[in-house]
Amino acid sequence: MASGAIRLATLALVLWPVVPLGVGLRAGLPGDAAAWLGWLGRACGVVGLAWLLLAMVLSIRLPRWDQALGGLLKLWRFHHLLGAGSFLLLMLHPLLLALAAVPGGPAGVLATLTPPVGAWPVWAGWAALVLMMVFLAPSFSFFGPPDYQRWKWLHRLSGAAVVLGLVHTLALSRTLGPASAAWVWGGVTALALVAFVWRLGLSRRFARRRYRISRVELLAERVVELTLEGPPLAYDAGQFVYLAPLDPALAAGRGEEHPYSLVSAPHESALRIAIKDLGDASAALMHVTVGSDVTVEGPYGRFLPRRHDQPALWIGGGIGMTPFVSAARGFAVQSESVDVQLVYCANDPSRAYYLRELEDIAAERPGFVVHAHYFADEGPLSPAFLESRVADFRQRDVYVCGPAPLLALVERLLRHEGVPRRRIVMEEFDLL
Ligand SMILES: Cc1cc2nc3c(=O)[nH]c(=O)nc-3n(C[C@H](O)[C@H](O)[C@H](O)COP(=O)(O)OP(=O)(O)OC[C@H]3O[C@@H](n4cnc5c(N)ncnc54)[C@H](O)[C@@H]3O)c2cc1C
C-alpha cells in the first residue's frame, strides 16, 4: 500500500470513534458548561476505550500481513501511540467528570470519584485504570529500562483492563445511542478478541514452524551465525522472524521468542540468523547445541525495497548489518542492475565480521560498493567521510540499521545535509 494510503488509513482509524459520538449528540446538545464538561469526560472515555481496543487489534502479528501496512515495526509504533493516547484520555475521563460535578459542591465531586461500594460499574472503571497503570508503566520506562519478559507478562493484564473497561462502559453507557453502542463495542471487541486469541493461542499452533540448528559459526567475540534447516520460508531481504530456541541445555531464554533479522538470502534453502549477545537470552544462544530445535514465526517487517536499481545508500552498524547482508547475498542470483553504496560502521576491523564477504560480493557485482568506517580510527560518522566516499549521498535513498545512537547521529547528519525525511528509512532493533 502506498504511504499516502497508509496515512489515510491511520487517520481514519484514529478518528472513527468521533463519528458515533457525533451521532449521539444529534439526540440533544448538553445545556450548560457543566453538562458539556460531563459530555467531554464521557467522550474521552469512549474514545480512550476504542483506542485501547484498536491497540489490541493491532497486536495481532500475522506473518506477512504487516508488509501491506508498512511493516511490523511501524504497526508496533502505532500500537504504542494508541495505547499511550488511550491512557491519557482515560485519565482525563474521571477528571472531567469530577469538574462537571463542581457546581454540586465538594460532596458532588467526591460522590463522582468515590461512589458507594455498591456502584460496581464505576469501580470496574477504576480497576481498569489501575490495571492500565500497571501494564503501561514499563512501556514508559517508569521504573528504569524495562525488562522485556516482565514487560510482556504485564502486558497480558491489558485483557483484564479491557474487560473491566467494557463492563464499566456498557453498564453506564449514555453517550452513544444504543445502535451506535452495539456496533462500536460489538464490532471492535470482536476484532480485539480475535487478535487476543490468535496471539496467545492459535499463533503457536499455526504460525510457528520448527527448524533444526545445523551449524553454529562464531563470527566474532559474542556474535554467532546459526544455520536452520526446515520447511521453506518465503521472505524478502531485510525481514525478520521471531526465533524461540528449544535446546534444553540453554542457560536462559528457552522457549522465549525474540526478533532476529534473516541474514540468509531469500533464495537459499536454509535460514541463517546472526545473533549478538545483547542480554541473557541472546548470550545463551552463543552456546546453543547443534542438532537442537528452534521455532520460527514470520517473516515480518518491511525495511528494504525488493529492487535495488534506485540510487541507495545503506548504512549499517554492528549487528545492524544483518538486513544488508541478506540483500547483498541475494545479489548473487539477481540479474537486474543495482546502485547501492554500503557504509559498514564498526568499532575496529575485528568487529567488521561480514566485511570480507561483502567486499567479495561487491567485486563481482557492478553497482554495489562497500566502504568501511571504523569508529576507533575516524570517530563518529561525519558528512566529510560520506562526501569523500559517496559524493552524491544527498541524492540517494538512505537505509540505516544499527544501535540507537548511530541511528540518531545519522538522522541528524542527513537532515542537516538537506536529505528529506521521507528518503530516510530507519530500522531499530528495539521494540519497546
Ligand atoms: C526487528 C528486529 C530485528 C532484530 N534483529 C537482530 C539480529 O539480526 N541480530 C541480533 O543479534 N539482534 C537482533 N535484534 C535484537 C534482538 O531481538 C535482541 O537483542 C534480543 O531480543 C535481546 O534479548 P535478550 O533476552 O538477550 O536481552 P534483554 O536484556 O532481554 O533485551 C535487550 C533489549 O532487546 C529488546 N528485546 C528483548 N527481547 C525482545 C523481544 N522478544 N522482542 C522485542 N525486543 C526485545 C528489548 O528492547 C530489550 O531492552 C533485532 C530486534 C528487532 C526488533
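The values are calculated or read from the model by the stated rules, or taken from the named source; none is laboratory data. Keep in mind that this is a model prediction, so the values were computed, not measured. Every residue, glycine as well, gets a Cβ built from its backbone with ideal geometry; the counts of neighbours run over all protein chains shown. Heavy atoms of the whole protein, side chains included, go into the accessibility calculation; ligands, DNA and RNA do not. Shrake-Rupley method; radii C 1.70, N 1.55, O 1.52, S 1.80 Å.
Filtering 94, 30, 17, 115 for residues that are closer than 19 Å to residue 132 by Cβ, open to solvent by less than 60 Å² (accessible area, probe 1.4 Å) and modelled with pLDDT under 90 leaves a single hit, 17. Restricting attention to region 258-269 and to residues that are buried (at least 16 other Cβ atoms within 10 Å of the Cβ) and more than 6 Å from the ligand (Cβ to nearest atom), the residue that is nearest to the chain's Cα centre (by Cα) turns out to be 262. Going by the structure shown, is residue 391 touching an Asp or Glu at 6+ places or on another chain (Cβ under 6 Å), outside the structural domain of residue 225 (by TED's automatic domain parsing) and among the aliphatic types (A, V, I, L, M)? No, not satisfied. Considering region 60-141, the qualifying helices (runs of 4 or more DSSP H), each wholly inside and each with 3 or more residues that are away from the ligand (no atom under 16 Å from the Cβ), run over 72-100, 106-113, 120-136.
Tallying residues that are in a helix (DSSP H, G or I), more than 30 Å from residue 64 (Cβ to Cβ) and not β-branched (Val, Ile, Thr) within region 1-42 yields 15. Remark: pairs (first residue in region 115-136, over 17 Å from residue 166 (Cα atoms); second residue open to solvent by 80 Å² or more (accessible area, probe 1.4 Å) and at pLDDT 90 or above; Cβ separation under 8 Å; 6+ apart in sequence or on different chains) = 115/123; 117/123.
Tell me, please, whether a residue that is more than 9 Å from the ligand (Cβ to nearest atom), aromatic (Phe, Trp, Tyr) and crowded, with 19+ Cβ neighbours inside 10 Å can be found in region 234-256. Yes, region 234-256 contains a residue that is more than 9 Å from the ligand (Cβ to nearest atom), aromatic (Phe, Trp, Tyr) and crowded, with 19+ Cβ neighbours inside 10 Å. Scanning region 270-294 for residues that are away from the ligand (no atom under 13 Å from the Cβ), open to solvent by 20 Å² or more (accessible area, probe 1.4 Å) and part of a strand (DSSP E or B) turns up just one, 293. Considering region 327-432, the qualifying helices (runs of 4 or more DSSP H), each wholly inside and each with 3 or more residues that are touching a helix residue (DSSP H, G or I) at 6+ places or on another chain (Cβ under 7 Å) and more than 16 Å from the ligand (Cβ to nearest atom), run over 383-389.
Apart from one condition, residue 150 fits all of (1) exposed (fewer than 15 other Cβ atoms within 10 Å of the Cβ); (2) in a loop (DSSP other than H, G, I, E, B); (3) within 16 Å of the ligand (Cβ to nearest atom); the exception is (2).
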